[in-house]
Amino acid sequence: MLCAYIASTMPTTLLDTKAATPLAGRTADGRVRLPGLSRAEIAAHLAEMGVEAKKVRMRANQIFNWVYHWGVTDFAAMTNIAKGFRADLEAHFTLARPGVIERQVSRDGTRKYLIRMAPGIEVESVFIPDVSRSGALCVSSQVGCTLTCTFCHTGTQRLVRNLTPAEIVLQVMACRDDLGEWPAAKGREGTDVTEWRHGGDRKLVNIVFMGMGEPLYNTDNVIESIDLISDDQGLSIGRRRITVSTSGVVPDIAKVGAANPMLAISLHAADDETRTRIMPINKKYPLDDLLQACRDYPGLSNARRITFEYVMLKGVNDTPQHARNLITKLQGIPAKVNLIPFNPWPGSPYECSDMDVIEDFARRLKKAGLAAPVRKTRGEDIMAACGQLKSESEKQRASVLRKAAKAAP
């Protein structure tokens with residue numbers, strides 16, 4: 001998956017890893033972690049702790065709203081719940097969220113996070129400002145990846161496991177924490193009037209599943225996370241502001257389409273020979289099958305186009321013939337093609353196409369009536385490339401530890 005192709009580095013700011021809270025279902029003292037739970041899960045836990053059946057639904061809705069809309073981290077802030085019941089909640093639950101163990105901010109405002117969800121489970125997210133007049137958070141759906149796309153660094157990392165719906169949603173919550181972007185109320189009780197704590201419009205209003213992993217190898221959890229993220233009593237990010245990107249897992253495209261997000265296809269070649277060479281998944285799901293699934297995507301229209309991601313690889317997929325192939329293959333599909341200059345990672349076998357070649361490629365697509373923007377490089381000073389962040393962070397941390405060991409008496 002591709003969030004941005006960026007390849008230069010800067011020293012990483014290491015945070016206190018002891019502050020990072022593992023997010024298994026319960027804490028060491030047996031309390032249940034509320035952030036990441038659905039309404040139904042909250043209700044089940046309330047019933048378990050003895051809340052009257054006729055009040056479970058109301059209480060679950062109240063708690064859900066405090067956790068996901070207001071982003072509270074203290075039960076005392078739940079002002080429409082009686083103090084005695086708040087104390088009961090605190091005895092059974094925790095509001096702890098994951099620890100961001102590494103955070104970097106680029107000169108252009110791009111933010112990269114390495115988040116510890118549980119021991120050995122670390123995921124990366126990237127917030128990119130000024131996307132669609134606001135900002136987008138690139139989230140991961142797996143730790144590692146089973147695909148072996150030859151231009152992607154994530155493909156060199158083994159798959160650890162799928163992320164749960166909670167772990168996907170918690171990436172959004174961690175970003176809101178960092179941006180200071182939870183709402184603050186004006187007269188919280190008895191009125192719906194709110195203001196954003198940072199004093200301006202919301203920045204985080206788009207979610208893109210383009211981080212580590214293949215979302216459609218974790219479809220059910222991705223769909224559940226979309227339901228949570230889009231809930232209008234919680235995080236309230238509209239489904240048309242959520243994009244799921246896939247490398248072409250054809251059987252699940254219609255399934256995720258039923259959840260009504262936007263769709264992006266990690267395409268990168270428009271003939272089977274080239275695409276199979278750089279993306280082995282094409283052997284299982286060839287282009288014609290993939291593009292038919294795109295034509296059948298629910299709600300597809302000129303106002304609801306599919307985005308095709310196309311990384312420009314010098315001498316591999318960037319010739320005029322490749323452009324003609326792409327134009328032919330996308331006929332009849334409301335589409336936008338994002339042309340992405342490739343940034344090599346250590347050991348990568350490719351180079352980026354020359355800029356005049358990329359511009360010529362874009363001109364050919366535009367002449368044929370396709371929107372074909374060349375993606376602007378963002379966060380180039382912090383190595384904010386999805387699929388590269390965690391591996392590079394691990395290398396940097398290991399280097400710091402080696403130097404500390406050598407310096408020790």
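None of the figures in this text is laboratory data; all of them are computed from the coordinates on show. Keep in mind that what you see is a predicted model, and the values were worked out from it rather than measured. FYI the Cβ positions are ideal-geometry reconstructions off the backbone, even for glycines, and counts take in every protein chain you see.
Data overview
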| item | result |
| --- | --- |
| Cα gyration tensor category, rounded, prolate or oblate, for the range 97-161 with a/c compared to 1.5 | oblate |
| Under 15 Å, Cβ to Cβ, from residue 317 - net charge with Lys/Arg +1 and Asp/Glu -1 | -2 |
| Taking all pairs of distinct alpha-carbon atoms in the range 24-94, Kirkwood radius in angstrom | 12.1 |
| Footprinting exposure proxy for 207, 128, 121 (fewest neighbouring C-beta atoms within 10 Å first) | 121, 128, 207 |
| Sites residue 233 and residue 292 - FRET efficiency at Förster radius 60 Å, r taken between beta-carbons, to 0.05 | 0.95 |
| For residue 297, net neighbour charge (Lys/Arg +1, Asp/Glu -1) across residues whose Cβ lies under 13 Å away | +2 |
| Length added when fully stretched, residue 272-residue 354, from 0.36 nm per residue minus Cα-Cα | 27.1 nm |
| Added length on full extension, which subtracts the Cα-Cα distance from 0.36 nm per residue, residue 134 to residue 150 | 2.5 nm |
| Summed side-chain charge close to residue 98 - residues other than residue 98 whose Cβ falls under 10 Å, Lys, Arg +1, Asp, Glu -1 | 0 |
| Trypsin sites (Lys or Arg not before Pro) restricted to the range 127-168 and DSSP loop, no more than 14 other C-beta within 10 Å | 133, 158 |
| Which of 49, 173 has the fewest Cβ neighbours within 10 Å, and the rest in rising order | 49, 173 |
| Projected label distance in nm at residue 77 and residue 283, using a 7 Å step from Cα toward the beta-carbon | 5.1 |
